[in-house]
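Readers should treat all values here as calculations from the given coordinates under stated rules, not as data from a laboratory. None of the values given here were measured: they were computed from a predicted structure. Glycine also receives a Cβ, built like all others from the backbone with ideal geometry; neighbour counts cover every protein chain displayed.
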Amino acid sequence: MENNGPRILIIDDETQIRRFLRVALSSHGYLVKDVGTGKEGLDAAAMFSPDLVVLDLGLPDIDGIEVVRQLREWSKVPIIILSVKEQEQVKITALDCGADDYVTKPFGMGELLARIRAALRHVSGAEEQPVLQFGDLTIDFVHRRITRDGNEIKLTLTEYELVRNLAINAGKVLTHKSLLRAVWGPSYENEVQYLRVYIGQIRRKLEHDPSRPRHIITEPGVGYRLL
Amino acid sequence: MATDRAAQRHSTSIIPYLVSCLMVLLMTVFISFVSAFLGLVNISLFYLLPVLLSAARWGTLPAVITGIMGTIAFDLFFVPPIYSFTVEDLRYLISFAIFMLVGFITGSLSDRLKKQVNYSQQREKSVSALYALSRDIAAVDKMDAVLESIASNVAGSMDGQVILLLPNEKAALELKKASGYHDFLNEKELAVANWVFEKGQKAGRETENFGAAAALYLPLSTEQGTLGILGILFNEDKVPSDPDRIPLLEAFAGLAAIAINRTKLAGQARESLALVESERLRTALFNSLSHDLRTPLSSIIGAVTGLIEDQNVIYSPEARNELLQTILQGAKRMNRFVSNLLDMARLESGMLKLNKEWCDLQDIIGVAINRLGESIIRRPIDINIQEDLPLIQADCLLIEQLFINLLDNALKYSEADSKIAVTIRRQGKQLEIAVANRGPGIAETDLSKVFDKFYRLSSPLQVSGTGLGLAICKGFVEAHGGNIWAENNKLGGVTITFTLPLTKQFSGIVPAMNEGV
């Protein structure tokens, strides 16, 4: 099979996982290389020059976070973390260290593909468009207008800024820290309650049913993403 | 006891003799005024009074002395020739002898009475001390508290330093409790204590064995053997030791032995109960593991082998899809089971650390519903959240899991199209969250059991589960300092309610952003 699509590097020590990822991703048109250790992963990141890295946090030789740090020293390549539920804190640290997104094992293929697409789109600058569409929502950056089914929704400045940050990273998780830093400034990066209040307000304006949001999705303990 | 000894000291001091002298003197002065009206016989009778008094008050010896003094005074001052002793006075030896006799008899009578009074006072003290000890040790059931109570009670009534030595795991005596200081317990003293422990006989001070030891050691003996040693170092007395204290101490030791034995047995009973309980849990875990892991595995392996071996494409696309769905469901079920086991293990090992942050329950319930996916989409869910619900400090991930388990439970134990209701409201200083379904009720006696590990209701609906979901909920809620309970609805179905305390309150004021757009 000849693949000329984006190049994906998989770093995971579990051969079973590597096998199924290799098969599934190449079937979706990606060019895949897989390695089992952090060292090999760092080497391959230089040699293979991937467009995206899928990184398991529990590697036998180097700490997953260390791999993220070393990669980020010289590369902006998107990194998607594979984690398990019990590594909640490590996952957040990895995201704050520069990883782009995560999926929790066990994950569905659809979920991983969506993350990969969002991360690649972000790199390609696909979001640098004046108007973005999310189902019934339309965000017009030029006129700073948000409409739902054609009806304009009035947002305060802060609310708009939150939505804008989520929208230009559409599909990607934004950690509490990064959102707080972007909207309120670095000295507020631990004030999660600000986000709780504002996201609640925004949902009441944007979502049909704020209890079952479809656009602004909470990633518990991690952050939010806009779909 | 101290006042007793003071009384004893009195009888050996010279005060009774001085007072007796004084009485004889006063009597002499008194009689000298009235002697004119009295005959000698009557005068001699007057001298009987001081004898009687001192006999009654101080016993034989002072009475006899008073008698002698009385005779001398009588002879000297009233028997002619006055102020001298003559041979004729020998007649009065008779009255002297009677004085002696009266003094002696009265004195010994009063001595006996006094001894009896002393004795019964002593008895009463011992009995009340023993009673106090028995009452105190009956009220406590922890070994440490029992030992504490023994040490303090014995020290309180014995006027000394009390130590309690019990064998440790290696059967070597170890100091377990001491009232006051215990530095007298050197190697030599410990050797005496060990001897007592081996032989089961008292030894040390005031006994025949190792009388040179500083303290007295008594065995705490029961039918099962010697449980330990009661040692006492008497505070240095100036007066001779009280012979009654050893029997009293022995009574204390007997009581202490019973109490220690009782506490030990109670502890063993508790342990064996816990053992039975853990045995029961192990069995339940095995059953659960074999059933709940094997069932989905069987369906997965069955479906997969069917697909792999399907060389001739016998299965229609619908059938293939069906088989794939079976695999997915089985795998998800196993995943849920493993998650539950891990959560339970985290709870039980004490590894659960709350990662508290500000949570919005409305948000979390949305996440939980999303996570439950297909199983809940077809269900009508009635979510009632009080307006202006405050944020709460909690571990959002645990609360999410809590909602997932409760909703999953509500779904499983009700008909496929019946309604689920979630209500969240503020009740004073806590939030109250209720999840209700319209399924069958639970017997009143079983309402609290649903939170037990591996407890599963028999339901007409074919319910698969681990029997851990609600036990985990209980663990998570209690870790947050809340309560959880189940009750039957009046109109059918079961409501499970939990509370979360509003420990801190968020002001609700959020500054507008710092950076302009």
Report summary line: Net charge near A:Thr156 (other residues with Cβ under 13 Å of its Cβ; Lys, Arg +1; Asp, Glu -1) is +3
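Taking every pair of distinct Cα atoms and averaging 1/r, then inverting, what Kirkwood hydrodynamic radius in Å comes out for the protein assembly as shown?
35.1
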Query raised in the report: Among A:Gly171, A:His122, A:Pro106, whose Cα lies farthest out toward the positive end of the dipole of the range A:91-216, if unit charges sit on the beta carbon of Lys, Arg (+1) and Asp, Glu (-1)?
Result: A:Pro106
Query raised in the report: Once both axes come from the Cα atoms, what is the angle between helix B:2-12 and the longest principal axis of chain B, in degrees from 0 to 90, rounded to 10?
Result: 10
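Normalised by the number of residues in chain B, what is the relative contact order in percent for Cα pairs under 8 Å and 6+ residues apart? Please report the intermediate quantities before stating the final value.
On the way: 678 pairs, mean separation 40.2, N = 517.
So the answer I get is 8 percent.
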Query raised in the report: In the range B:278-357, with Lys and Arg counted as +1 and Asp and Glu as -1 at Cβ, which of these residues, B:Tyr315, B:Thr305, B:Ser288, has the Cα nearest the positive end of the dipole, that is, farthest along it?
Result: B:Ser288
**Report entry** Beta bridges by DSSP in the protein assembly as shown, antiparallel share as percent, to the nearest 5
**Finding:** 70
Query raised in the report: Once you charge only the Cβ atoms, +1 for Lys and Arg and -1 for Asp and Glu, what is the size of the charge dipole of the range B:357-501 about its Cα centre, to the nearest 20 debye?
Result: 380
Report task. Express as a percent, rounded to the nearest 5, the fraction of DSSP beta bridges in the range A:76-176 (both residues included) that run antiparallel. Result -> 70
Query - Sites matching GluC sites (Glu not before Pro) across the range B:390-434 that sit in DSSP coil, with at most 16 neighbouring C-beta atoms within 10 Å - result: B:Glu415
Requested in this report: Please report the relative contact order for the range B:140-268, taking Cα pairs under 8 Å with a sequence separation of at least 6, and give it as a percent rounded to a whole number.
Outcome: 24
Query raised in the report: Taking the alpha-carbon centroid of each part, what is the distance from the range A:190-211 to the range B:255-310 in angstrom?
Result: 44
Report task. Please name whichever of B:Val154, B:Gln121, B:Val51 sits farthest to the positive end of the charge dipole of the range B:44-175, dipole taken about the Cα centre and charges placed at Cβ: Lys and Arg +1, Asp and Glu -1. Result -> B:Val51
**Report entry** Relative contact order computed over chain A (Cα-Cα under 8 Å; 6+ residues apart), in percent
**Finding:** 13
Report summary line: Cα-Cα pairs in the range B:357-501 separated by more than 29 Å, as a whole percent of all pairs, come to 9
Report summary line: Other residues with Cβ under 12 Å from the Cβ of A:Cys97 give, with Lys and Arg +1 and Asp and Glu -1, a net charge of -1
Query raised in the report: Here are some pairs, B:Lys142/B:Lys474; A:Lys85/A:Lys177; A:Lys91/A:Lys154; B:Lys453/B:Lys490; A:Lys172/B:Lys332; A:Lys105/B:Lys449; which of them have Cα atoms lying more than 31 Å apart in this structure?
Result: A:Lys91/A:Lys154; A:Lys105/B:Lys449
**Report entry** Space enclosed by the convex hull of the alpha-carbon atoms of the range A:1-123, per residue, Å³
**Finding:** 95
Query raised in the report: Rounded to the nearest 5, what is the percent of antiparallel bridges among the DSSP beta bridges in chain B?
Result: 90
**Report entry** Acute angle (nearest 10 degrees) that the helix B:396-412 long axis makes with the longest principal axis of chain B, alpha-carbon atoms
**Finding:** 70
Query - Candidates A:Ala182, A:Ala170, A:Ala94, ranked by Gaussian network fluctuation over chain A, Cα under 10 Å, top entry - result: A:Ala182
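Please give the FRET efficiency for B:Ser290 paired with B:Ala479, using the beta carbon to beta carbon distance and R0 = 30 Å, rounded to the nearest 0.05. List each step's numbers first, then the result.
Details: r = 30 Å, r/R0 = 0.99.
E(calc), rounded to 0.05, equals 0.50.
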Requested in this report: Write out the GluC sites (Glu not before Pro) in the range B:286-357 meeting two conditions: DSSP loop, and at most 13 other Cβ atoms within 10 Å of their Cβ.
Outcome: B:Glu309
**Report entry** Gyration tensor over alpha-carbon atoms, the range B:167-267, equivalent ellipsoid semi-axes in Å
**Finding:** 22, 16, 13
Query - Viscosity 0.890 mPa s, 25 °C: Kirkwood-radius Stokes-Einstein D of the range B:290-349 over Cα pairs, µm²/s - result: 192
Query raised in the report: Given DSSP loops and a limit of at most 10 other Cβ atoms within 10 Å, what is the longest stretch of chain B that contains no such chymotrypsin sites (Phe, Trp or Tyr not before Pro)?
Result: B:182-517
Report task. Please report, in debye to the nearest 20, how large the charge dipole of chain B is about its Cα centre when each Lys and Arg carries +1 at its beta carbon and each Asp and Glu carries -1 there. Result -> 680
**Report entry** trypsin sites (Lys or Arg not before Pro) within the range A:34-106, DSSP loop, no more than 11 other Cβ atoms inside 10 Å
**Finding:** A:Lys76
Query raised in the report: Against the longest principal axis of chain B, how steep is helix B:361-372, in degrees 0 to 90 to the nearest 10, with axes from Cα atoms?
Result: 60
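Magnitude of the Cβ-charge dipole of the range A:131-226, K/R +1 and D/E -1, about the Cα centre, nearest 20 debye?
Details: 15 positive and 11 negative charges, 10 e Å.
For the range A:131-226, the charge dipole is close to 60 debye.
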Requested in this report: Would you mind telling me which residue in A:Ser187, A:Ser26, A:Ser178 has the biggest mean-square fluctuation in a Gaussian network model of chain A, where springs connect alpha carbons within a distance under 10 angstrom?
Outcome: A:Ser187
Query - Footprinting exposure proxy for A:Glu128, B:Glu169 (fewest neighbouring C-beta atoms within 10 Å first) - result: B:Glu169, A:Glu128
Query raised in the report: Between B:Glu187 and B:Asn235, what FRET efficiency follows from the Cβ-Cβ distance if R0 is 22 Å, with the result rounded to 0.05?
Result: 0.45
Query - Exposure proxy order (Cβ contacts within 10 Å, fewest to most) of B:Val140, B:Val510 - result: B:Val140, B:Val510
Report summary line: Final fewest-first order of B:Leu411, A:Leu52 on the 10 Å Cβ neighbour count is B:Leu411, A:Leu52
Query raised in the report: Where Lys and Arg each count +1 and Asp and Glu each count -1, what net charge lies around A:Leu137 among other residues with Cβ under 13 Å from its Cβ?
Result: +1
